[in-house]
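First comes the structure, then the notes that go with it.
The values are calculated or read from the model by the stated rules, or taken from the named source; none is laboratory data. This one's a predicted model, so the numbers in the text were calculated from it and none came from an experiment. Cβ coordinates were reconstructed from backbone atoms using ideal geometry, including for glycine residues, and neighbour counts include every protein chain displayed. When the accessible area is computed, the model is the full protein with side chains, heavy atoms only, and any ligands, DNA or RNA have been set aside. Shrake-Rupley method; radii C 1.70, N 1.55, O 1.52, S 1.80 Å.
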Amino acid sequence: MSGNLPAPSVTADYAQRVADDLSATRSEQERVRTELARLQDDLVRLEDSEQVLTKMQEVLGGTPKQTTKQRKSPKSPKGTVVPAARRSNSKTAAAKPTATTKHKSSKKTATPKKAGEPTWLELTATYLGGQSEPRSAAEIAAALTEAHPERSVQVPVVRNTLEQGVAQGLLERSKQGRSVFYSPASATPAPSEA
């Protein structure tokens, strides 16, 4: 009888170890998902800050055309060194546009806006106002592409605009696992978000 007794005990031990490992794996997955969502939020905030700083830079010092031409040419790495521009705060404003002109010029060519056209924030707020449930940035970008084929719509631009709307209190952000959804601030989240 003593030969039969250890088998269930060993099986129970292995079953417990597997259950513990499975629980640890699930906990680690959730921790990584949470960290990823936090990092994605940080990235969105940093991209938004970059846009604001770029606009401020335009207002304060303007962007010399010479610098823009240098950024279009990838063969001049000296003009594109970002750390050097960040180290020296006492340098002239002409040195800093070199570091951000690439991002700014690509966004301008990707999202042209003519005088009198609504802003991205107005477009996204209007679109979300007509929806019955929250939408993701990709869904909103796809809808705006269909509604405004004359404008080049990019998901990162829409995401930044949505985060700007959240910061201004015009929109609300809700998370479902790793996904982020947006809705008008006055609307309450749908009960089927679980």
Once the piece of chain linking T34 and L46 is laid out straight, how much longer is it, given 0.36 nm per residue of separation minus the C-alpha distance between them? 2.5 nm
Tell me, what ³J(HN,Hα) does each residue in the range 150-160 have, in order and in whole Hz, if you take phi through Karplus 6.51 cos²θ - 1.76 cosθ + 1.60 with θ = phi - 60° and put x for Gly and Pro? 6, 10, 7, 9, 10, 4, x, 5, 5, 4, 4
Give me the net charge for the shell around Q131: Cβ to Cβ below 13 angstrom, other residues only, Lys and Arg +1, Asp and Glu -1. -2
Accessible surface, 1.4 Å probe, highest first, among residues E30, E47: E30, E47
From largest accessible area down, sort R135, R33; use a 1.4 Å probe on the protein chains. R33, R135
Heavy-atom accessible area order for K55, K175, largest first, 1.4 Å probe: K55, K175
